[in-house]
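*Asks:* Once you've had a glance at the structure underneath, I'll fire off some questions.
The values are calculated or read from the model by the stated rules, or taken from the named source; none is laboratory data. Everything quoted here is computed from the prediction, not taken from an experiment. A quick note on method: Cβ atoms are made from the backbone with ideal geometry, for glycine too, and the neighbour counts reach across all protein chains shown.
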Amino acid sequence: MARVRPNPKVAHFCAAQWPDFTPALTLVLPMAPGVVKPRTHTYIRHGTTSLFAALDIATGAVIGKCYKRHRATEFLDFLKKIAAAMPEGPDVHLVTDNYATHKTPRIKAWLARRPHWYVHFTPTSASWIDQVERWFAELTRKQLQRGVHRSTAELEADIAAFIEAHNENPKPYRWVKSADEILASVKRFCQRTQQNLCGEL
């Protein structure tokens, strides 16, 4: 993918929500040589939170907010948060998944009043195209994977701290392969999978 150059007249965001993070009390035991991620067998749920995040693909900066639920009401509030962070004037291109809450009449009406906002939906089951999903993976690996949270407040504080630290020195993500190379790889995978499945029948 070609590098996106910052343009003062255009802002590109990838937005998604990660519903139902569950803070759980699962004791993570200390690492030791030859022992892989030991954990206790206990698991206690302490509620859920939903993270909405938008990644500015030109700068790598992230706007994020946790909500108790992930309905159109929360998505609309999050769109307003993105709008408040934007300077007046530039066109906003929002890449998001095909989730039903992104297409409700309230969301469509809000977007209709902002003709400089353009929404691009990723195809079904193709959220991996959305670069913010890469950022979610980084959040999980670097901040949450080995964490122990006794409440949603603890979990949300860890998420907010990660966003703040990330935004101190943000870097844009870059595709390392062209679209043609990615599609060729997907095609090869599909052909191998089909051959393997047909061979088993």
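*Asks:* Is it the case that A165 is among the hydrophobic types (A, V, I, L, M, F, W, C), out of contact with any strand residue (DSSP E or B) (no Cβ under 9 Å at 6 or more places or on another chain), part of a helix (DSSP H, G or I) and under 18 Å from T48 (Cα atoms)?
*Replies:* no
*Asks:* Which one is surrounded by the most Cβ atoms within 10 Å (Cβ to Cβ) among residues in the stretch 121-133 that are within 15 Å of the chain's Cα centre (by Cα) and free of Cβ contacts under 8 Å to residues at least 60 places away in the same chain?
*Replies:* My answer is T122.
*Asks:* Which pairs do you get when a residue that is free of Cβ contacts under 8 Å to residues at least 40 places away in the same chain, found in the stretch 155-166, comes within reach of a residue that is in a helix (DSSP H, G or I), reach meaning Cβ atoms under 6 angstrom, with the pair 6+ apart or on two chains?
*Replies:* D158/Q143; F162/L139; F162/Q143
Conditions (1) of a type in the set (S, T, Y); (2) part of a helix (DSSP H, G or I); (3) at pLDDT 85 or above; (4) under 21 Å from A61 (Cα atoms), marked per residue:
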position	(1), (2), (3), (4)
H93	no, no, yes, yes
H102	no, yes, no, no
K171	no, no, yes, yes
R174	no, no, no, yes
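*Asks:* Moving on. Among what's in the stretch 109-145 and is out of contact with any strand residue (DSSP E or B) (no Cβ under 7 Å at 6 or more places or on another chain) and part of a loop (DSSP other than H, G, I, E, B), pick the residue that is modelled with the highest pLDDT.
*Replies:* Checking each candidate, the answer is R113.
*Asks:* Follow-up question, since we're still on this one. Have a look at I182, I159 and point out the one that is β-branched (V, I, T), within 15 Å of the chain's Cα centre (by Cα), surrounded by 11 or more Cβ atoms within 10 Å (Cβ to Cβ) and more than 23 Å from V92 (Cα to Cα).
*Replies:* The conditions single out I159.
*Asks:* In addition: Going by the conditions given, is W117 closer than 18 Å to A58 by Cα and aromatic (F, W, Y)?
*Replies:* yes
*Asks:* Scan the stretch 93-135 residue by residue and report those that are among the aliphatic types (A, V, I, L, M) and more than 30 Å from A165 (Cα to Cα).
*Replies:* So the first thing to find is which residues in the stretch 93-135 are among the aliphatic types (A, V, I, L, M), and the list is 94-95, 100, 107, 109, 111-112, 119, 126, 129, 132.
Correct list: A100, I107, A109, L111, A112.
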